[in-house]
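What follows is a short report on a single structure.
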Amino acid sequence: MSTAHPLLFGTWSLYEFVAGPLAGLSLLLFAGGVCFRILQFFALTRKKEQVRYQPVHACYHARTVSSPHGISTRGMSAIRNSILGTHCDTTIVTAVLHVLLFLIPLSVRAHTVLFYDLWGLQLVSVPEATSDILTIIFLGCAGALILRRTMVSRVRSISTFADYAVWLITVAPFVTGFIAHQHWFDYYSILVLHVVSAELMLAAIAFTRLGHMMFFVLSRFFIAGEYSFGRGSRTC
Amino acid sequence: MWWQQSSKDNRNHIEIMFRRKQRTVKLLSSFCVRCGLCADSCFLYRNHHGDQQYMPSYEALTSMKALAKNKKLISREELENVRDLIWKKCVLCKRCYCPLGIDIPSIIAFARTICRTRGMNGVYPHSLGEPEDENIGRVE
């Protein structure tokens with residue numbers, strides 16, 4: 001790579017620079033930023049006073065009526081009133097997008113080879129055709145979400161430039177990666193763009209709205225509330 | 001009363017209050033991804049046929065944006081706009097649901113606290129003698 005392209009940064013070619021020191025910087029920003037945000041979360045929240053409630057009487061559970069399909073009516077009612085029940089399409093699209101957001105970068109063959117060369121990590125890779133299909137599904141989900149942001153008035157009313165920028169930062173590595181894999185346009189330029197966009201996303205996680213990645217886990221498990229997943233030991 | 005206090009005192013009061021809770025509220029609102037999924041958990045939003053001003057995240061974000069931006073030189077008119085948003089369009093029933101776990105009621109409650117320091121107490125449509133919205137509760 002370095003022999004085919006002019007040296008731009010001392011003895012490094014552009015690719016070597018973005019895949020070397022720039023990648024290290026973005027990983028440092030990601031790790032440091034995530035640690036800072038987690039510490040900030042615990043510094044700004046405080047321990048909640050423990051309140052012990054009377055246990056729910058057993059007869060309350062006994063009154064639960066089961067449907068012929070084996071799912072309790074109380075459970076069905078809970079699902080109907082949840083976001084899955086009220087916004088089924090958005091929930092499915094969002095869930096698929098977030099799963100693929102983690103799955104694709106860790107399972108693409110080119111990445112698993114890179115991880116093995118760099119750190120000796122042996123991750124399971126999926127066939128290239130499968131990773132192509134997964135990327136297309138991811139881009140479809142991302143397209144659906146940006147359409148929702150622009151078409152649904154209530155979402156549009158609270159959207160700012162930052163929301164569109166964050167969407168672009170998230171989608172860019174997948175678009176450039178797909179184009180690079182298909183060898184469309186100039187491979188070298190697209191590859192550099194792919195690496196830079198991925199590094200930008202990593203660096204932006206802790207400092208933009210992409211931080212909901214760790215905030216979601218912290219708030220839903222640690223902050224006590226009606227909708228928290230666990231009991232919650234902290235309060236705002 | 002607010003009109004007996006000097007404007008400088010009021011500004012200082014707001015500054016102190018902001019410093020106390022600003023960082024927490026900033027953290028909460030900075031991770032809002034503006035998904036709009038909190039809307040349907042609000043009965044006022046549903047009763048007003050999807051008027052975005054009744055959406056919990058709209059009220060929280062708009063009021064905090066106005067108060068944070070103009071905390072030093074906020075005009076009475078701007079404060080009244082915020083008051084209309086967080087009192088007339090929200091009853092603080094704390095039923096709003098955020099998929100990310102953002103405590104929206106605490107942001108609105110904080111905005112109300114700041115308004116109170118300027119003598120802006122809760123005003124509801126019936127207390128002003130305004131007619132009730134004819135569209136409320138109408139089933140299409």
Matching residues in segment A:221-236 - criterion: being in a loop (DSSP other than H, G, I, E, B) and either touching a helix residue (DSSP H, G or I) at 6+ places or on another chain (Cβ under 8 Å) or facing chain B (nearest Cβ under 9 Å) (or both): A:Gly225, A:Glu226, A:Tyr227, A:Ser228, A:Phe229, A:Gly230, A:Gly232, A:Ser233, A:Cys236
Segment A:1-50 - residue that is in a loop (DSSP other than H, G, I, E, B) and modelled with pLDDT of 65 or more and, of those, nearest to B:Lys21 (Cα to Cα): A:Thr45
Residues satisfying the stated conditions in segment A:114-144, i.e. among the small types (Gly, Ala, Ser) and modelled with pLDDT under 95: A:Gly120, A:Ser125, A:Ala129, A:Ser131
Pick from segment B:30-52, criterion within 10 Å of chain A (Cβ to nearest Cβ) and polar (S, T, N, Q), ranking: surrounded by the fewest Cβ atoms within 10 Å (Cβ to Cβ): B:Ser30
Residue within segment A:80-87 that is surrounded by 17 or more Cβ atoms within 10 Å (Cβ to Cβ), touching a residue at least 60 places away in the same chain (Cβ under 8 Å) and within 14 Å of another protein chain (Cβ to nearest Cβ) present: no
Lone qualifier among A:Ala204, A:Ala198, A:Ala180 - being buried (at least 20 other Cβ atoms within 10 Å of the Cβ), more than 11 Å from chain B (Cβ to nearest Cβ) and closer than 25 Å to B:Thr24 by Cβ: A:Ala204
Any pair with Cβ under 6 angstrom, 6 or more apart, that starts in segment A:209-231 at a residue that is of a type in the set (D, E, K, R) and ends at one that is assigned to a loop (DSSP other than H, G, I, E, B): A:Arg209/B:Val33; A:Arg220/A:Ser228; A:Arg220/A:Phe229; A:Arg220/B:Gly101
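Would you be able to say whether some residue in segment A:199-216 is outside any helix (DSSP H, G or I) and of a type in the set (Lys, Arg)?
So the first thing to find is which residues in segment A:199-216 are outside any helix (DSSP H, G or I), and the list is A:205-208.
Filter again for of a type in the set (Lys, Arg), leaving none.
No, because not a single residue in segment A:199-216 is outside any helix (DSSP H, G or I) and of a type in the set (Lys, Arg).
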Residue in segment A:93-105 that is over 30 Å from B:Leu37 (Cβ atoms) and assigned to a helix (DSSP H, G or I) present: no
Scope segment B:69-100; condition within 14 Å of chain A (Cβ to nearest Cβ) and either modelled with pLDDT under 85 or in contact with a Pro (Cβ under 7 Å, 6 or more places away or on another chain) (or both); matching residues: B:Lys69, B:Lys94, B:Cys96
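Only one of A:Val152, A:Val166 is in contact (Cβ under 8 Å) with a residue 40 or more places away in the chain, facing chain B (nearest Cβ under 10 Å), within 23 Å of A:Thr90 (Cα to Cα) and not acidic (Asp, Glu). Can you tell me which? Working first, answer last.
Numbers: A:Val152 fails: in contact (Cβ under 8 Å) with a residue 40 or more places away in the chain.
Sole residue among the options that is in contact (Cβ under 8 Å) with a residue 40 or more places away in the chain, facing chain B (nearest Cβ under 10 Å), within 23 Å of A:Thr90 (Cα to Cα) and not acidic (Asp, Glu): A:Val166.
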Failed condition for B:Met55, given (1) facing chain A (nearest Cβ under 8 Å); (2) surrounded by fewer than 20 Cβ atoms within 10 Å (Cβ to Cβ): (2)
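The values are calculated or read from the model by the stated rules, or taken from the named source; none is laboratory data. All values reported here derive from a predicted model rather than from experimental measurement. Quick reminder, even Gly has a Cβ in these numbers, built from the backbone with ideal geometry, and neighbours come from all protein chains shown.
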